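Take a look at the structure below.
The values are calculated or read from the model by the stated rules, or taken from the named source; none is laboratory data. The structure presented is a predicted model; accordingly, all values stated were derived computationally and were not measured. A quick note on method: Cβ atoms are made from the backbone with ideal geometry, for glycine too, and the neighbour counts reach across all protein chains shown.
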Amino acid sequence: MASRGAILPAAVVGGVGVAAVIWVLAAKRDQVAGAGEFSGERALAHVAELVGVGPRIPGGEAIERARVYIGAQLAASGWSVLRQTFVDDTPRGQVEFVNLRARYAPGGGEIDWKEGGGLVLLCSHYDTKLIEGVEFDGANDGGSSTGVLIEMARCLATAPALAGGVELVFFDGEEAVVDFTATDGLYGSRHYAKGWRSAPPASKPVAAFVLDLVGDSRLRIDPPNDSPRDLLVELYGAAEQLGVRRRFGMYPAPITDDHVPLNAAGIPALNVIDSGYISRGRWHTSADRLEYVSADGLELVGRVMLRLLERRAGR
Ligand SMILES: [Zn+2]
């Protein structure tokens, strides 16, 4: 992801008291009836696999290996995966990009991919940025959120009613080839969003949550300050219920990431992002490595997102 302007410490709101502890216990009981427990260790294992294929540069062989891995993991949990392939112009010439869309369909059968009414999108980008002269793994940037979504697919499959209301989307080409402009970066999400732009309102997904940079050990989720209010309230509410509200705040500026084209296409989209990671020294450097990805951080985000989906479903 990219962000311009100064990074300021976001406000820390809320705290953990006796009431929060009671909420955690209540939430744990409730999860028995909902989706299975989200495992940070499992998510981390997926991040390791993604890093292991090599830098996931759009159009290359390593990113295809990543797609095969993601697809196989989702299929094993009962999800059908659609490859959305397209070619776009980039500062380095034409590149073939592939988004992956997944819906829960354990028995197979036809899926109407043009119908998205009532669906919630959970999104991540899985590509890595090509940085000349730098061996860039994208363990946190592109890897962490993708690992979370794969583990999320497994958890949701234990609650079919919940899984049926979700589409998982893995965007290619989030990173700019040179720098973010209207035509460089966000290739996958711009293409995907275009598909929904002219859909009747009732056929569009109702909301999107775009995860990015969710693996740092000092994780704080600070969505941009132009986020849809109701989605922010949902996120904070789920975090509050799990006793982790203090890890969630707000970044004091807009952010350029895959939520932007979705919002422009009429799908309210929230960037669930650790904005502070950008200024902590490892972002877009060779130090964005697996050893710095934390299972605890992945689990925190995964559990909050699951809780959010359960609350949406009235659980
Ligand atoms: Zn990036």
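When each of 128, 146 is tested for being in a loop (DSSP other than H, G, I, E, B), within 16 Å of the ligand (Cβ to nearest atom) and under 14 Å from residue 66 (Cβ atoms), the lone residue that passes is 128.
Only one entry in 210, 166 is within 27 Å of residue 46 (Cα to Cα), touching a residue at least 60 places away in the same chain (Cβ under 8 Å) and within 16 Å of the ligand (Cβ to nearest atom), namely 210.
Here is a yes/no grid of residues against (1) buried (at least 24 other Cβ atoms within 10 Å of the Cβ); (2) part of a helix (DSSP H, G or I):
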{"residue": "240", "(1), (2)": "no, yes"}
{"residue": "286", "(1), (2)": "no, no"}
{"residue": "296", "(1), (2)": "no, yes"}
{"residue": "301", "(1), (2)": "yes, yes"}
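Residues that are more than 19 Å from residue 197 (Cα to Cα) and within 16 Å of the ligand (Cβ to nearest atom) within the range 92-125 comprise 97, 124, 125, listed in sequence order. The residue of the range 89-110 that is surrounded by the most Cβ atoms within 10 Å (Cβ to Cβ), among those that are over 19 Å from the mean Cα position of the chain (by Cα) and under 17 Å from residue 125 (Cα atoms), is 95. Note on the range 279-308: residues that are under 15 Å from residue 148 (Cα atoms) and of a type in the set (Ser, Thr, Tyr) total 1. Filtered by the rule that a residue be in a loop (DSSP other than H, G, I, E, B) and either surrounded by 20 or more Cβ atoms within 10 Å (Cβ to Cβ) or not aliphatic (A, V, I, L, M) (or both), the range 243-264 gives 243, 244, 249, 252, 254, 255, 257, 258. Pairing each residue of the range 286-301 that is among the aromatic types (Phe, Trp, Tyr) with any residue that is in a helix (DSSP H, G or I), provided the two are 6+ apart or on different chains, yields C-beta distances under 8 Å for 292/139; 292/140. Given the criteria under 28 Å from residue 286 (Cα atoms) and either free of Cβ contacts under 8 Å to residues at least 12 places away in the same chain or polar (S, T, N, Q) (or both), does residue 145 qualify? In short, yes. If the condition is being touching a Gly at 6+ places or on another chain (Cβ under 9 Å) and hydrophobic (A, V, I, L, M, F, W, C), then the range 150-167 contributes 152, 153, 155, 156, 157, 159, 162, 163. Summed over the range 158-192, residues that are part of a loop (DSSP other than H, G, I, E, B) and surrounded by fewer than 24 Cβ atoms within 10 Å (Cβ to Cβ) total 13. Is there a residue in the range 61-69 that is touching a Pro at 6+ places or on another chain (Cβ under 9 Å) and either at pLDDT below 95 or more than 20 Å from residue 273 (Cα to Cα) (or both)? Checking the range 61-69: at least one residue is touching a Pro at 6+ places or on another chain (Cβ under 9 Å) and either at pLDDT below 95 or more than 20 Å from residue 273 (Cα to Cα) (or both). Every listed requirement among (1) away from the ligand (no atom under 15 Å from the Cβ); (2) part of a loop (DSSP other than H, G, I, E, B) is met by residue 155 save one, (2).
Kindly establish whether residue 137 is buried (at least 21 other Cβ atoms within 10 Å of the Cβ) and not in a loop (DSSP other than H, G, I, E, B). Answer is no for this residue. Every test in (1) within 22 Å of residue 187 (Cβ to Cβ); (2) at pLDDT 95 or above; (3) within 16 Å of the ligand (Cβ to nearest atom) is passed by residue 254 save one, and that test is (3).
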